[in-house]
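The next block holds one structure in the form of structure tokens; read it before the comments.
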Amino acid sequence: MRTAKAAAAILGLWVLASCASNPKPVSFYKELPDVFAPLAPGASAYLYIDVPAARPILELADFGAISGLATKDALDMTETAAAALYPKGTARRYMAVAQGKFPSFRSALSFTFSSSWKKNKSETGNAYWHSDAFGVSMALNKNTAYVSDGDPFIVPPGFESPQRLRELQAGSAMAGLVEDAADPINSFFSALGISLKFPAERIFFGLYGDPGNTGSSGFDLYSGLFYVETPTPSQARAFQSIFSLARAFLGSAAAWEDDPAAEAMAALFTHPPELDGSSLIIRTGPMTAEGMALLFSMFSVYSE
């Protein structure tokens, strides 16, 4: 699961709004305050993005074949997005819902005259367009875009985000939840030369821009807050000890010499880890958008 790159790729799909549909959104999307409610439950990861606040990080992500101009257009159109990534073998591999200002009329015309897109009808009764060539389904109105590799709409109820995720989302540039987090955490530490089998169940995270450090393109510095949930308090204490040991050896930029990861790793190990019942709390030090993007890239590589 390449969380950071997948988020960027999903946002990049808004570029396909030049050939999207114009359905009527079902009413429950507007009525529910939970931004994740339009997404199906059962995902491996959920991600919220405040695009203007996170833009310096998103601009450093890999959008693959999508051009720089298209990426800029996608980010310009989008205000917020909520995305979900699902395990292999499920009905969908991803879903996303974005709020912004989208060219719905032009998109409807483009889809109508394109042989690559066919109009389908959702279980909810909404119309959407699907392309076998792109492997994507899209629906669009002037304020909301729906994207998936399957039906982009769901019959409610959708995913109900946990209270901790809602709290982290408030005021964040990005916030999310990763299920079954043991493998990516263990692989991450293994790459640092620390071998362990840690039974992490979930990771909650929030990334926040520093309002005292802003530039012409947005925030210059960010910090992160991570909650790593474990089955029991004793296992959280064990992970705290391991993290503290890693921090003692790897917690300075000097330990990484000229490695590009120096900033990200030094920020990750800035503060001693804290305990909250069966959860470990990790607060990063301040880092640039480049450092934050690199930290997510490192974790996503070990999450595949």
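Tabulated values for the structure
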{"read-out": "Qualifying positions in segment 273-304 - out of contact with any Lys or Arg (no Cβ under 7 Å at 6 or more places or on another chain), within 26 Å of Pro233 (Cβ to Cβ) and at pLDDT 90 or above", "value": "Pro273, Glu274, Asp276, Gly277, Ser278, Ser279, Leu280, Ile281, Ile282, Arg283, Thr284"}
{"read-out": "Per-region count, segment 168-187, residues of a type outside the set (S, T, N, Q), out of contact with any Ser or Thr (no Cβ under 7 Å at 6 or more places or on another chain), touching a residue at least 24 places away in the same chain (Cβ under 8 Å) and surrounded by fewer than 16 Cβ atoms within 10 Å (Cβ to Cβ)", "value": "2"}
{"read-out": "Given (1) part of a helix (DSSP H, G or I); (2) β-branched (Val, Ile, Thr); (3) at pLDDT below 85, index of the condition Ile57 fails", "value": "(3)"}
{"read-out": "Among residues of segment 124-151, those that are at pLDDT 90 or above and surrounded by fewer than 13 Cβ atoms within 10 Å (Cβ to Cβ), counted", "value": "1"}
{"read-out": "In segment 103-123, the residues that are surrounded by 15 or more Cβ atoms within 10 Å (Cβ to Cβ) and at pLDDT 80 or above", "value": "Trp117, Asn120, Ser122"}
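The values are calculated or read from the model by the stated rules, or taken from the named source; none is laboratory data. This is a predicted model, so every value here is computed, not measured. Every residue, glycine among them, receives a Cβ derived from its backbone with ideal geometry; neighbour counts consider all protein chains shown.
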